[in-house]
1. Considering the Cα trace of the stretch 157-197, what is its radius of gyration and what is Dmax, both in angstroms?
2. Using a cut-off of 13 Å between beta-carbons, work out the net charge of the residues near Val41 (Lys and Arg +1, Asp and Glu -1, Val41 not included).
3. Neighbour counts of other C-beta atoms within 10 Å: give me Phe77, Phe141, Phe7 arranged from fewest to most.
4. Ordered by residue, what ³J(HN,Hα) values in Hz, to whole numbers, does the stretch 41-47 give under the Karplus form 6.51 cos²θ - 1.76 cosθ + 1.60, where θ = phi - 60° and Gly and Pro are x?
5. Going Cα to Cα from Lys210, which aspartates and glutamates come in below 15 Å? Please leave out same-chain ones fewer than 8 positions away.
6. Pop out the ³J(HN,Hα) list for the stretch 71-82 in order, Karplus 6.51 cos²θ - 1.76 cosθ + 1.60 with θ = phi - 60°, rounded to Hz; leave Gly and Pro as x.
7. How large is the convex hull of the Cα atoms of the chain per residue, expressed in Å³ as a whole number?
8. For every helix of n ≥ 4 consecutive DSSP H residues, a contribution of -39,500 (n - 2.57) applies; sum these over the chain, divide by its total residues, and give [θ] at 222 nm rounded to the nearest 500 deg cm²/dmol.
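Just so you know, all these numbers are worked out from the coordinates, no wet-lab data involved. Bear in mind the structure is a predicted one, so any value in this text is a computation, not a measurement. Because the Cβ atoms are built from the backbone with ideal geometry, glycine has one as well, and the counts that use them run over all protein chains shown.
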Amino acid sequence: MKIGVTFSEINYINYPQWIKGNDSTIEIIELSYETNNLQDVTNCDAVVFTGGIDMHPIEKIEYANAPKEFNLARDLFEMAVLEKALEARKPILGICRGLQLINVYKGGTLHLDNGETKNKVHKKETEDKKHPIQVEKDSLFHSIVKQEFGEVNSSHHQSIDKLGSDLKAVAHTEDGVIEVIESKNPEEQFILAVQWHPERMSDLESPFSKNIRNALLEKIDR
């Protein structure tokens, strides 16, 4: 089994470790804009889009605390990776920035900064923040975690504004931030993305970490 994982400048090693776990049959294929190995997507059984530097919103919208720098080379490379994964109907998992990338690719928009009040809840300081979320019962994600409420970690100051096409938001925080998106047609292709970091939660046995990993692996044709 080969899982493609997009390269992140921040804490990249956490993703392969979380995905592989104790399963020696899983091979990680690093997909990186630095090596431009887009052709390797063909060899991947699934693709994970990781967190890291803020996603460029494509649309030019002014926000008070909008980031000054982006990595457009990474954005464009991962958009191309996503396009190939979608065309081949490979299982797709987005994490934090990966959720935002999927949404932008699908024509959605982003809040470039959540604002002072929401940043107190969501934006990492020295450690990840933690907050509760509520999961929609009628969703693929609910069937994965089997819980309507849960606690997740948080390390972001951007979030989804307008939702992209063919996507639905299936988990939110009390202050209205979208925490999980999935395909409107999950029977056609597994597309799931979360705004938190399941790969570095303090409790990796939590269904909001472990069950996400397992759900991705179960969707791979063996």
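1. Rg and Dmax of the stretch 157-197, Cα atoms, are 10.5, 32 Å.
2. Every neighbour counted, the sum reads -2.
3. Phe7, Phe77, Phe141
4. With the stated coefficients, the stretch 41-47 comes to 4, 4, 8, 8, 7, 7, 10 Hz.
5. Straight-line reach from Lys210, under 15 Å: Asp23, Glu151, Glu199, Glu218.
6. 10, 5, 4, 5, 4, 5, 4, 6, 4, 5, 4, 4
7. 115
8. -7000 deg cm²/dmol
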